[in-house]
Amino acid sequence: MAAASHRPPGDPAEDSAQRFASELRALRNSAGSPTYRQMAARTDQSTSALSNATSGRQLPTLEVTLAYVEACDGDRTEWERRWQAAKAELGTTPPPARRWPVVAAAGGVVLLLVAAGAVLASRLTHEPPPSDAADHTPRFFADDDAFNQRQSRPQLAPDSARMVADLLALGRVELYSGKAGSFVYRATSSTPTYEVTPRKHVGQWGPNPFEGVGFPWDASWKAPPPERQWTVVVTADGRSVECWRTEVRDGRPSCEWGAVSDARGSSVADKGQATGSGLSRLAGLITREDWKAGRIDHALSFGTPDNNDQFVFPAVESDGPGQGRWSEGQFIWLDRAYDIDADTSLKPYERMVAKALQEYGAFNVKNAEEFSFTSEYGSKPPGNNGEAYAPLTHIKFEKYLRVGTIEPAS
């Protein structure tokens, strides 16, 4: 998980990291905007490492930088010089001066107050975070991942209203829950682990994504039926092993294809492919913990059949077959003018979904035949009468839904 920055706004060091990230993005554009998966195939770096190199939050390592440059046919010598210059600028920036409170007192009283202040500061450092932070529900990926960030300035698409109309024309908006939800299992250190090689597509779709990664599987777990094609296992060390068309024979699991992600890091898959956008199957999933907490503290995900072959952040690729208006990675949200608390027509689970869409939005991550959101298999949305495909008919999508894009955090 990336450490939070403590630099003040406008800090030259922060500007240096952002400038370097901007230069890397320009290099990739000049190389024809290869996907991060294509870039990873040309190097020994993961898609998430290459994607994070352009976040601007911190200077990437020299190893990642040179891999990024090599994948974009850049000049390694020139970029190593640029990296060294940026590192020197970051390293020579003085830390911000501390501001101490002025205490107007004399002699021993001053010393006593300073000592007391030091004790208080130490105690505050080790006390729990304020209740607002403590109330946050457990969620996947790092706090600075796009799915865990409130997007205060999304860019509205010029044809947003038309895109919303196209999305809603697909029919009833639904929430997949209960038996229609996504299978997610959480392994422990004692869960039996197996070596898995995909049954199909190795070479055609890339190298074996499970190579060097143990696949945990408990005999009590249920493999999904054919119509629920994906199974996700979160390992004890925080990896997300994502298996397409899981089969279990004699207690041993196998996958037709899949992906491996870092559930504590980036939502971009490290290896393999689990969605057309290159993002993890966990990205945007509503969990049991979310429903129990009464709030969804992250962005959601959805799909559309009108995807073109383009992608925007945070997606790193697209499998869209057409020339439609939608690009994978595009962002939707509910306008702040929508007073969700005052809308008495909403069922409890609809209210939770609506608030998540207003606070965090949702990302287009795949091709899909309908506009819907997904929760974990077996989860029970509050206020739902047990429907596997729970309707979201009371949310005022037609009036308040917006479509656009977001930029990487800077």
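The values are calculated or read from the model by the stated rules, or taken from the named source; none is laboratory data. All values derive from a computational prediction rather than experimental measurement. Here Cβ is always computed from backbone atoms with ideal geometry, including for glycine, and neighbour counts include all displayed protein chains. Just so you know, the surface numbers come from the protein's heavy atoms only, side chains and all, with ligands and any DNA or RNA stripped out. Shrake-Rupley method; radii C 1.70, N 1.55, O 1.52, S 1.80 Å.
Remarks
- Hey, Ser266 in contact (Cβ under 8 Å) with a residue 40 or more places away in the chain, closer than 30 Å to Leu156 by Cβ and part of a strand (DSSP E or B) or not: no
- Residues in the range 363-410 that are closer than 21 Å to Asn308 by Cα, open to solvent by 50 Å² or more (accessible area, probe 1.4 Å) and not in a loop (DSSP other than H, G, I, E, B): 2 in all.
- Among all residues of the range 325-337, there is none that is over 22 Å from the mean Cα position of the chain (by Cα) and free of Cβ contacts under 8 Å to residues at least 12 places away in the same chain.
- Only residues that are under 16 Å from Ala40 (Cα atoms) and aliphatic (A, V, I, L, M) were counted in the range 231-273, giving 4.
- Residues of the range 207-222 classified as surrounded by 17 or more Cβ atoms within 10 Å (Cβ to Cβ) and under 24 Å from the mean Cα position of the chain (by Cα), total: 7
- Remark: Phe311 matches the filter, which requires a residue to be open to solvent by 10 Å² or more (accessible area, probe 1.4 Å) and of a type in the set (Phe, Trp, Tyr).
- Of all residues in the range 277-315, those satisfying the criterion of being part of a loop (DSSP other than H, G, I, E, B) and touching a Gly at 6+ places or on another chain (Cβ under 7 Å) are Ser277, Ala299, Asp306, Val312, Phe313, Pro314, Ala315.
- Any hit, the range 320-337, residues being open to solvent by less than 10 Å² (accessible area, probe 1.4 Å) and farther than 30 Å from Asn29 by Cβ: yes
- Cβ-Cβ contacts under 7 Å between residues 6 or more apart (or on different chains), taken from a first residue in the range 74-90 that is open to solvent by 60 Å² or more (accessible area, probe 1.4 Å) to a second residue that is at pLDDT 85 or above and not in a helix (DSSP H, G or I), are listed as Lys87/Leu59.
- Considering the range 224-244, and only residues there that are in contact (Cβ under 8 Å) with a residue 24 or more places away in the chain and open to solvent by 30 Å² or more (accessible area, probe 1.4 Å), the residue that is nearest to Thr197 (Cα to Cα) turns out to be Trp244.
Every residue, every condition in (1) open to solvent by less than 30 Å² (accessible area, probe 1.4 Å); (2) touching a strand residue (DSSP E or B) at 6+ places or on another chain (Cβ under 7 Å); (3) assigned to a loop (DSSP other than H, G, I, E, B), yes or no:
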site	(1), (2), (3)
Pro158	no, no, yes
Leu175	yes, yes, no
Val184	yes, yes, no
His201	no, yes, yes
Trp205	no, yes, yes
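- Single residue of the range 247-263 satisfying the filter (in contact (Cβ under 8 Å) with a residue 24 or more places away in the chain and part of a loop (DSSP other than H, G, I, E, B)) that is nearest to the chain's Cα centre (by Cα): Ala263
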